[in-house]
Amino acid sequence: MELLKLAALDTEDLGVISAHLQDAILRAGDLAYLSAQHRFVLVARRFDWSAEDDAPPRRRLTGVHFERVLKVRTRGITPGAASEAPLELLAITFAPTEAPSGIATLVFAGGPAIQLELECIEVQLKDLGPVWEVEGRPDHEAAAAGRAAIEGHDR
């Protein structure tokens with residue numbers, strides 16, 4: 001398969017990028033806010049959902065950047081931190097404020113999130129080349145059951 005290269009200029013396009021990044025794995029050190037350039041960047045190991053069903057499951061190294069970022073707020077994550085704890089990206093959502101401005105939210109498993117206040121949607125995703133096979137496909141039902149069991153045990 002060829003390297004994926006996508007751009008988003010509206011909520012529908014952003015939904016496509018979000019779908020390709022579902023279950024991507026990254027660390028806090030893979031995130032950076034370049035305030036002088038109004039840019040937020042990340043490098044992730046995305047699960048290749050577009051691979052053929054009979055192909056072995058695999059991940060690809062992917063770069064993403066958000067342009068026209070006015071402000072960044074985080075919960076449970078410090079971008080650029082040396083933490084080795086993996087973060088699993090579940091989705092990217094967008095809530096308009098005053099068109100075309102809005103808030104893009106990167107939602108991670110377990111509760112961490114990043115909110116990007118955007119002047120407008122301008123996002124690019126590009127595979128960076130490396131691809132490798134992994135043992136299995138992400139299993140959302142098993143992950144949800146595991147989180148529920150842990151939360152029930154903590155009570």
| field | Sequence ranges 108-120, 17-29, 72-84, ranked by mean other-Cβ count within 10 angstrom, highest first | value | 17-29, 108-120, 72-84
| Rounded Å value of the spacing that divides the Cα centres of segment 72-89 and segment 1-54 | 16 Å
| Of all GluC sites (Glu not before Pro) in segment 1-65, which ones are in loop regions per DSSP and have a Cβ with at most 14 other Cβ atoms within 10 Å? | E2, E52
| said: If amide hydrogens are placed 1.01 Å from N in the peptide plane, which non-local residues have theirs closer than 5 Å to the one on R58? | reply: D48, V134
| request: Determine ³J(HN,Hα), in whole Hz, for all residues of segment 41-50 in sequence, where each value follows from phi through the Karplus function 6.51 cos²θ - 1.76 cosθ + 1.60 and θ = phi - 60°; x replaces Gly and Pro. | output: 10, 8, 10, 9, 9, 7, 6, 7, 5, 8
| query | So what's the back-of-envelope 222 nm ellipticity for the chain, counting only DSSP H runs of four-plus at -39500 (n - 2.57) apiece and dividing by all residues, rounded to 500? | reply | -5500 deg cm²/dmol
| task | Run through all the Cα pairs of segment 59-109 and give the fraction in each 5 Å bin from 0, expressed as whole percent. | result | 4, 12, 24, 28, 18, 9, 4, 1
| query | From the phi of every residue in segment 25-38, what ³J(HN,Hα) in whole Hz does the Karplus formula 6.51 cos²θ - 1.76 cosθ + 1.60 yield, where θ is phi - 60° and glycine or proline is x? | reply | 10, 8, 10, 4, x, 8, 10, 8, 9, 9, 4, 5, 9, 6
| request: Normalising by the residue count of segment 5-154, find the relative contact order in percent from Cα pairs under 8 Å and 6+ residues apart. | output: 29 percent
| query | For the chain, what is the Kirkwood hydrodynamic radius in Å, using each pair of distinct C-alpha atoms? | reply | 16.3 Å
| Can you list the HN-Hα couplings for segment 121-138, worked out from phi with the Karplus curve (6.51, -1.76, 1.60; θ = phi - 60°), rounded to whole Hz and with x for Gly and Pro? | 7, 8, 10, 10, 10, 8, 5, 9, x, x, 9, 8, 6, 10, 5, x, 8, x
| Expressed as a rounded percentage, what relative contact order does segment 1-78 have, with Cα pairs under 8 Å and six or more residues apart? | 25 percent
| remark: Charge dipole of segment 5-154 built from unit charges on the beta carbon (Lys, Arg +1; Asp, Glu -1), centred at mean Cα; most positive-end Cα among L9, A51, L34 is L34
| query | Amide H to amide H, which residues 5 or more places from L4 or on other chains are under 5 Å from it, using H placed in the peptide plane? | reply | D127
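Since every read-out is calculated from the coordinates, none of them should be taken as a lab result. Not measured: the values here are computed from a predicted model. Neighbour counts are summed over all protein chains in view; Cβ atoms, including those assigned to glycine, are modelled from backbone coordinates with ideal geometry.
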